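The values are calculated or read from the model by the stated rules, or taken from the named source; none is laboratory data. Everything numeric in this text was worked out from a predicted model, so none of it was measured. Cβ placement follows ideal geometry from the backbone for every residue including glycine, while neighbour counts extend to all protein chains displayed. The protein model used for the area step is the full one, side chains on, heavy atoms only, and it has no ligands, DNA or RNA in it. Shrake-Rupley method; radii C 1.70, N 1.55, O 1.52, S 1.80 Å.
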Amino acid sequence: MTTSLKPGVRHGSVMLPWRTLLLGAVAAIAYLFFGAAPEAWVFDRAAISQGEYWRLATGHWVHSDSLHAFWDISALLLLGALFEPWLKWRMPLALFVTTIGVDVWLWCGEHSLQYYCGLSGILNGLLIVGLLHLWRDFRHPLIWITGTGAVLKIIVEISAGQALLTQTDWPSVPTVHAAGFLSGLVLMLGIWVVGRLYKIPASLNYA
């Protein structure tokens, strides 16, 4: 196989994860220009119920404090650098589906939660989508170990009622991590089912 056919390589050069860089820039600029938890952009249950539906999207891209922004944006850049060359069009799809999944959970499963912001929920979805895609191709035990560790972390966080690795000005919502993770699983299951039903060649996964 020539280098031009390998994921993440074009004409012998490694492709920049431009989607990730763009999204990371959006999150960073949002924090630098609007500050911590800008009132007009966070997930606000009362405001959404009055028709401010953009908050269902923007709430994930603003953060409660500088450390919150740093850790989320760093995780986005890391996951994007690792997975974007393989996921390609699946990456924005994964972010879209997991955003919907997290929003559904926030609205229907966290009735007492009035405000929310941050990327961590949808990043958990991106993590499992990337890991499952790599597992299909490489079957390396480190992929399975990483996925298992992510599941255990989510379980411990839900049991403790707080995030394990970060502390932010706003209380963490560990169930959102589970919602994002499960949304990613549902997406990959859907892709697999469609591929089986329509007999889509595996080679098209790199298109």
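Please go through segment 165-184 and pick out each residue that is open to solvent by less than 90 Å² (accessible area, probe 1.4 Å) and either more than 18 Å from LEU126 (Cα to Cα) or polar (S, T, N, Q) (or both).
THR166, THR168, TRP170, SER172, THR175, SER183
Just give me the residues in segment 129-143 being assigned to a helix (DSSP H, G or I) and open to solvent by 10 Å² or more (accessible area, probe 1.4 Å), in sequence order.
LEU131, LEU132, LEU134, TRP135, ARG136, ASP137, PHE138, PRO141, LEU142, ILE143, listed by residue number.
How about segment 18-47: which of its residues are touching a His at 6+ places or on another chain (Cβ under 7 Å) and in a helix (DSSP H, G or I)?
Result: TYR31, single match.
When you look at SER112, is it part of a loop (DSSP other than H, G, I, E, B), free of Cβ contacts under 8 Å to residues at least 40 places away in the same chain, loosely packed, with under 13 Cβ neighbours inside 10 Å and not aromatic (Phe, Trp, Tyr), yes or no?
For SER112, the condition - part of a loop (DSSP other than H, G, I, E, B), free of Cβ contacts under 8 Å to residues at least 40 places away in the same chain, loosely packed, with under 13 Cβ neighbours inside 10 Å and not aromatic (Phe, Trp, Tyr) - is met.
ALA46 is checked against (1) open to solvent by 20 Å² or more (accessible area, probe 1.4 Å); (2) in contact with a Ser or Thr (Cβ under 8 Å, 6 or more places away or on another chain); (3) of a type in the set (A, V, I, L, M) and fails just one. What number does that condition carry?
Unmet for ALA46, out of (1) open to solvent by 20 Å² or more (accessible area, probe 1.4 Å); (2) in contact with a Ser or Thr (Cβ under 8 Å, 6 or more places away or on another chain); (3) of a type in the set (A, V, I, L, M): (2).
Just to verify a result, which residue in segment 150-164, among those that are out of contact with any Ser or Thr (no Cβ under 6 Å at 6 or more places or on another chain) and assigned to a loop (DSSP other than H, G, I, E, B), is least open to solvent (accessible area, probe 1.4 Å)?
GLY161
Specify which of the listed residues (ILE191, ILE200) is modelled with pLDDT under 90, farther than 27 Å from ALA27 by Cα and in a loop (DSSP other than H, G, I, E, B). Steps first, answer last, please.
Numbers: ILE191 fails: in a loop (DSSP other than H, G, I, E, B).
Among ILE191, ILE200, only ILE200 is modelled with pLDDT under 90, farther than 27 Å from ALA27 by Cα and in a loop (DSSP other than H, G, I, E, B).
How about segment 165-188: which of its residues are part of a loop (DSSP other than H, G, I, E, B), within 18 Å of the chain's Cα centre (by Cα) and not hydroxyl-bearing (Ser, Thr, Tyr)?
LEU165, VAL173
What is the one condition in (1) at pLDDT below 95; (2) within 14 Å of LEU182 (Cα to Cα) that PRO92 does not satisfy?
(2)
Looking at TYR53, TYR31 in this structure, which one is open to solvent by 20 Å² or more (accessible area, probe 1.4 Å) and farther than 29 Å from GLN167 by Cβ? Step through it out loud before you land on a result.
On the way: TYR31 fails: farther than 29 Å from GLN167 by Cβ.
So the residue among TYR53, TYR31 that is open to solvent by 20 Å² or more (accessible area, probe 1.4 Å) and farther than 29 Å from GLN167 by Cβ is TYR53.
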